[in-house]
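Values quoted throughout were computed directly from the atomic coordinates according to the rules given, and no laboratory measurement underlies them. Worth saying up front: this structure is predicted, and the values here are computed from it rather than measured. All Cβ positions, even for glycine, are placed from backbone atoms using ideal geometry, and neighbour counts span all protein chains on display.
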Amino acid sequence: MPNNSLRTWIEISQGALKHNGGVFRRLIGPKCRLMAVVKSNAYGHGLFDFSFAAERFGADWFGVDSIVEAEHLREAGLKKPILVLGLTLKDKIESARKNNISLTVADFPSLENLTAVKKGTPKLKIHLKIDTGMHRQGFFVSEIPAVIKILKKKLPAVEIEGVYTHFASAKNPAFPFETLRQMGEFKKAIALLEAAGFRRLIKHAAATAGTIIFPQSHFDMVRIGIGLYGLWPSKETQAAFEREFQLKSVLSWKTIVGQIKKLPKNSRIGYDLTEAVKRDSRVAILPIGYWHGFPRLLSSVGKVLIKGKEAKVLGRVSMDMISVDITGIKNAKTGDEAVLIGRDVRGEISADDLAFLTDTTSYEIVTRLNPLMKRIMTK
C-alpha cells in the first residue's frame, strides 16, 4: 500500500510501458512513426502521466478522441504532434490551429466548416479519414474527387497532413481477407490524392492488431492503443504471436480490506440477499464497487487476490463496496492489500479475466475505471 490515505488506487508500471513500446518499435522499424493512442483517459490509465511516460519512451505522435483531451495535453506541456481521432465541432477549430493540434476530417460538413479557418501561423493541419469498409467515420473512395476539389478551391489556410483508415476486423490472423480488401481500398484513395498533388501525406491504417498481423499495413505510421497498455487485442492474436513476443500489463488496481466479520452458515449477504454462505465464514468488506469500475456482473462470480489467494465475491456488487469470502485465508486482517487487477505474490487477475466473466472486452474493463481514483506511477 503506497500510503495510509488511500482506500483504493491504480499503479502504472513505467517498466511495462517501456517494454511494450520497445516491442512495437521493433515490429515497425526505425522509419515508421509510432502513435500512442491515449484517448479515453489513456484507456483508463491516466491521460497526463501515461502520455508523458510514453513520450519519454519514444512515442512520435499522440492520438486522442476529442480536442478537449488534446488541449489539456498542450496545456500540460506535451510538445509532440497530436491527432484528434474523433469529431471536432466548428467552434473548436481555431483552437486546434493555435495549439498545433491536427484534426480528423471525415465528412463533407466537417470539410465545409474549414472554409472559415483564418489564415495564420501555424496552418490548421488535417488528416482525411477514409471509410474502406468499417462504415463508421470517413469518406468513401468514390467521394475523394469531390474532396480534392474542395481542398484545392476553398481551403488555402489548411494543410492536408495525413490520410488514414481503420480496419474493422484485423484481430484474427486466420481471416485476413477483409483487412486485405480494406488495404486495397485505402491504396486507391492514396493514389487519387497523390495524383492530385498531395504527395507528402502521412499515411496510416494499422492499430495494434494490424501492426502485429499485417506488416504491409504499417505505411508511414501505426496507431498503438491496447497493445501499449500490455493487453492483447484478441485471443486469436495472442495465441498466434505470444511465442514471438510478450506484452506486459501496465495497470494494477488495488484496494484494502476495510472490515472483517464472521457469519454463521446459511447467512445471506448483500442487496436482495441473493447468496447464502455454505459454511461458517469469514467475510471481508472491500471499499470499492461498480462506481469505481468493478462490474456489477461480477456479483457472486468475481474474485480478488488477498495474500496470494483467491477470495470469491459474495452476493451483489454494491455501488461502493463488495464482500469477499476469506474463510480460507486465515491470516487475512483489516488493512491488508487486495488485488482487483494485477499480480499478487502467487497469483494474477487480468483485465481479460474480468472481461471473460462479464462478457465484454479488456478495453471496456480498463476504460471504465473511475478517473477520480489515484493513479500512481511505479518503476
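Note on residue 276/residue 238: beta-carbon distance plugged into 1/(1 + (r/R0)^6) with R0 of 51 Å gives a FRET efficiency of 0.85. Computed from Cα atoms, the angle from the helix 67-76 axis to the main principal axis of the chain rounds to 80 degrees. For a 26 Å ceiling on Cα separation, which of these pairs sit above it: 92/119; 79/125; 90/188; 79/154; 125/188? Going by Cα-Cα distance, 90/188; 79/154 fall outside the 26 Å limit.
Only one residue of 120, 66, 340 has its Cα farthest out toward the positive end of the dipole of the chain, where Lys and Arg carry +1 and Asp and Glu -1 on Cβ, and that residue is 120. Ordered by the count of other Cβ atoms within 10 Å of each Cβ, fewest first, 377, 35, 183 give 377, 183, 35.
For region 29-34, 3J(HN,Hα) computed residue by residue from phi via the Karplus equation (6.51, -1.76, 1.60; θ = phi - 60°) reads x, x, 8, 8, 6, 10 Hz, glycine and proline entered as x. Only the Cβ atoms of Lys and Arg (+1) and of Asp and Glu (-1) were treated as charged; on that basis the dipole of region 13-241 about its Cα centre amounts to roughly 660 debye. For GluC sites (Glu not before Pro), the sites in region 181-290 that DSSP calls loop and that have at most 12 other Cβ atoms within 10 Å are 242, 244.
Here is how the number arises for the chain: DSSP H runs of 4 or more residues each give -39500 (n - 2.57), the sum is divided by the residue count, and the result at 222 nm is -8000 deg cm²/dmol. Extension gain for residue 248 to residue 168 (0.36 nm times residue separation, less C-alpha to C-alpha distance): 26.3 nm.
Between region 295-325 and region 16-34, the C-alpha centres lie 37 angstrom from each other.
For residue 140 and residue 346, a Förster radius of 45 Å and the Cβ-Cβ distance give a FRET efficiency of 0.25, rounded to the nearest 0.05.
Listed values [x] 45, 21, 18; [y] 40, 24, 20; [z] 35, 26, 21 include one computed from this model; for semi-axes √(5λ) of the Cα gyration tensor in Å that value carries the label [x].
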